[in-house]
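Here's the structure, in structure tokens; my notes come after.
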Amino acid sequence: MKISLPSGLVDKLNNLQGDTVSYCVPLSELSYWKIGGIAQCVVEPNSIDCLQEALKISSKFPEVPKLIIGDCSNLLFDDKGFDGVLIKIGNALSEISFNGNEIYCEAGAWVPEVAYHSYRRELSGIEHICGIPGRIGGLVYMNGGSQRRGILENVKSVVVLDQKGNKNTVTSDEIVHSYRKSPFQGTPVIVAAVTLELQKSSRSIVRNTMRGILASRRKKFPRKLPNCGSVFLSNPKMYDVVGPPGYAIEKAGLKGVRKGNAQLSPLHANFIVNLGGATSADVLHLIGLARNTVKEQTGFSMDCEVRYIRPNGEMMQAHKFTDSMAIE
Ligand SMILES: Cc1cc2nc3c(=O)[nH]c(=O)nc-3n(C[C@H](O)[C@H](O)[C@H](O)COP(=O)(O)OP(=O)(O)OC[C@H]3O[C@@H](n4cnc5c(N)ncnc54)[C@H](O)[C@@H]3O)c2cc1C
């Protein structure tokens, strides 16, 4: 496939030192859902300096779509691909270090590994993140977690970069957050590193809590087929009256329903699984169907946790796209 990026940008990307630059990358190989066409370019920086340099270069080409990604465990790419540059923050930028009760993580640190280190150091507070796939930068952006908790409860400070690569540090008193909401969403801010503040505990207490959480996740969640975790966010008002999204979808008679090769999981209806060869259109159809049917039957609207990315780089909660589609 031919690269359709400005040649000036390609030349500059090829000269980057310390970054891995790949062209024409199948998004189905990057995304947890194993869905998506071809991304024009993927850059993987191996230090914060390199990340800054990659941002500086790409900011000189504002017409080219650009997006920061981690493990793509919460992302639905389009079958038509991504016509720009993805900056992937992963293993190459994943240093973890310790200072008393604090853990410093570069944004690409793997979430289960951060949880494991907290256990090894007998530090409590983030047991709820064990078993969540993805990178700490993505988790902070999403304010992800479990047990109705979010990672930002334990964030002391975040090193952020702007679109041109300029660095700044924001501290917890400046980070206003709520359930699955962070101040970074809807802004062009890039999370480069995070310092977590935890409490001293004992290894056995932390281990037992984590074991309990992992056991309950194993029981509830489909593990064999590609998926992106919970598709819809829990809505506290709906929770009190109807229940969580999975229950609401099941009550609406949609558990196990298929569109093409995507399916509302028969194990947990808030998961959409790829049975093999599912398309982004199949998944979007099921999202729209579940959202519309639950709204008709209960009066509650379920918003998506999952983000849909258009080929032009626009990213949105997936329901915002399906609301504009005709679903039958
Ligand atoms: C099986 C399964 C179970 C899951 N369970 C849970 C769960 O229990 N709780 C939960 O909260 N989530 C869960 N998730 C969702 C997901 O794992 C988390 O939200 C995860 O932390 C996202 O990290 P990521 O690196 O994959 O981010 P991505 O999916 O790559 O990106 C998610 C969003 O974050 C942005 N982003 C990523 N990195 C950065 C960065 N460094 N700076 C700025 N923006 C960035 C992206 O642009 C995108 O908008 C689950 C997913 C799966 C597949």
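Only the coordinates and a few stated rules stand behind these numbers; no lab work does. Keep in mind the model is a prediction, meaning the values are calculated, not measured. Because the Cβ atoms are built from the backbone with ideal geometry, glycine has one as well, and the counts that use them run over all protein chains shown.
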Nearest 20 debye, what's the magnitude of the dipole of the chain about its Cα centre given +1 on Lys and Arg Cβ and -1 on Asp and Glu Cβ? 1060 debye
Of the residues Ala115, Gly70, Gly243, the Cα lying farthest along the dipole of the chain towards its positive end, which is defined by charges on the beta carbon of Lys, Arg, Asp and Glu, belongs to Gly243
Region 1-49 and region 102-153: distance between their alpha carbon centers, rounded to Å: 27 Å
Among beta bridges that DSSP assigns inside region 40-162, antiparallel share in %, nearest 5: 40 percent
If one builds a Gaussian network model of the chain from Cα atoms under 10 Å apart, the most fluctuating residue listed among Thr209, Thr187, Thr169 is Thr187
Need one number: % antiparallel among DSSP beta bridges in region 7-90, to the nearest 5. 45 percent
From Cα pairs below 8 angstrom and at least 6 apart in sequence, can you work out the relative contact order of the chain, rounded to a whole percent? 16 percent
Only counting other Cβ atoms within 10 Å, I'd like Phe77, Phe221 sorted with the fewest neighbours first. Phe221, Phe77
Charged-residue dipole, Cβ positions (Lys, Arg, Asp, Glu), region 129-206 about Cα centre, Debye nearest 20: 260 debye
In debye to the nearest 20, how big a dipole does region 236-322 give about its Cα centre with +1 on each Lys and Arg Cβ and -1 on each Asp and Glu Cβ? 100 debye
Count the net charge of all other residues whose Cβ sits under 10 Å from the Cβ of Arg203, scoring Lys and Arg as +1 and Asp and Glu as -1. +2
Chain lengthening between Glu174 and Ser216 when straightened (0.36 nm per residue, less Cα-Cα): 11.7 nm
Among residues other than Asn15 whose Cβ falls under 14 Å from its Cβ, what is the net charge (Lys/Arg +1, Asp/Glu -1)? 0
Here the percent of antiparallel bridges among DSSP beta bridges lying wholly in the chain, to the nearest 5, is 80 percent
What list of ³J(HN,Hα) couplings, whole Hz, do you get for region 17-30 from phi and the Karplus terms 6.51, -1.76, 1.60, once you set θ to phi - 60° and write x for glycine and proline? 9, x, 10, 8, 10, 10, 10, 6, 9, x, 5, 5, 7, 9
Cross-link reach list, lysines versus Lys2, counting only Cα pairs under 30 Å and skipping chain neighbours closer than eight places: Lys12, Lys34, Lys56, Lys60, Lys66, Lys80, Lys88, Lys164
When the chain is modelled as a GNM with alpha-carbon springs shorter than 10 Å, which of Gln263, Gln185, Gln297 fluctuates the most? Gln297
Take the alpha carbon gyration tensor of region 7-90, find the square roots of its eigenvalues, order them as a ≥ b ≥ c, and report rounded if a/c is under 1.5; if not, report prolate when a/b exceeds b/c, else oblate. prolate
Among Met210, Asn261, Leu30, whose Cα lies farthest out toward the positive end of the dipole of the chain, if unit charges sit on the beta carbon of Lys, Arg (+1) and Asp, Glu (-1)? Met210
Ile87 long-range amide H proximity, modeled H, under 5 Å: Val43, Leu67, Ile68, Ile69
Excluding Ser97 itself, calculate the net charge of residues whose Cβ lies under 12 Å from the Cβ of Ser97, where each Lys or Arg counts +1 and each Asp or Glu counts -1. -2
Spin-label proximity, Asn166 to region 83-123 - amide N less than 19 Å from point 7 Å beyond Cα toward beta carbon: none
Expressed as a rounded percentage, what relative contact order does region 122-274 have, with Cα pairs under 8 Å and six or more residues apart? 21 percent
Suppose only helical runs count, i.e. DSSP H with n ≥ 4. What mean residue ellipticity at 222 nm does that imply for the chain under -39500 (n - 2.57) per run, divided by all residues and rounded to the nearest 500 deg cm²/dmol? -8500 deg cm²/dmol
Rank the residues Val283, Val155, Val176 as a footprinting-exposure proxy: fewest other Cβ atoms within 10 Å of their Cβ go first. Val176, Val155, Val283
Report relative contact order for region 1-114 in percent, whole number only (criteria: Cα-Cα under 8 Å, sequence separation at least 6). 25 percent
Based on the Cβ-Cβ distance of Asp323 and Val241, what FRET efficiency does E = 1/(1 + (r/R0)^6) give at R0 = 25 Å, to the nearest 0.05? 0.70
Ranked highest first by the average count of other Cβ atoms within 10 Å around their residues, in what order do 234-241, 288-295 fall? 288-295, 234-241
Using Cβ contacts closer than 10 Å as the measure, can you line up Asp162, Asp11 from fewest to most? Asp11, Asp162
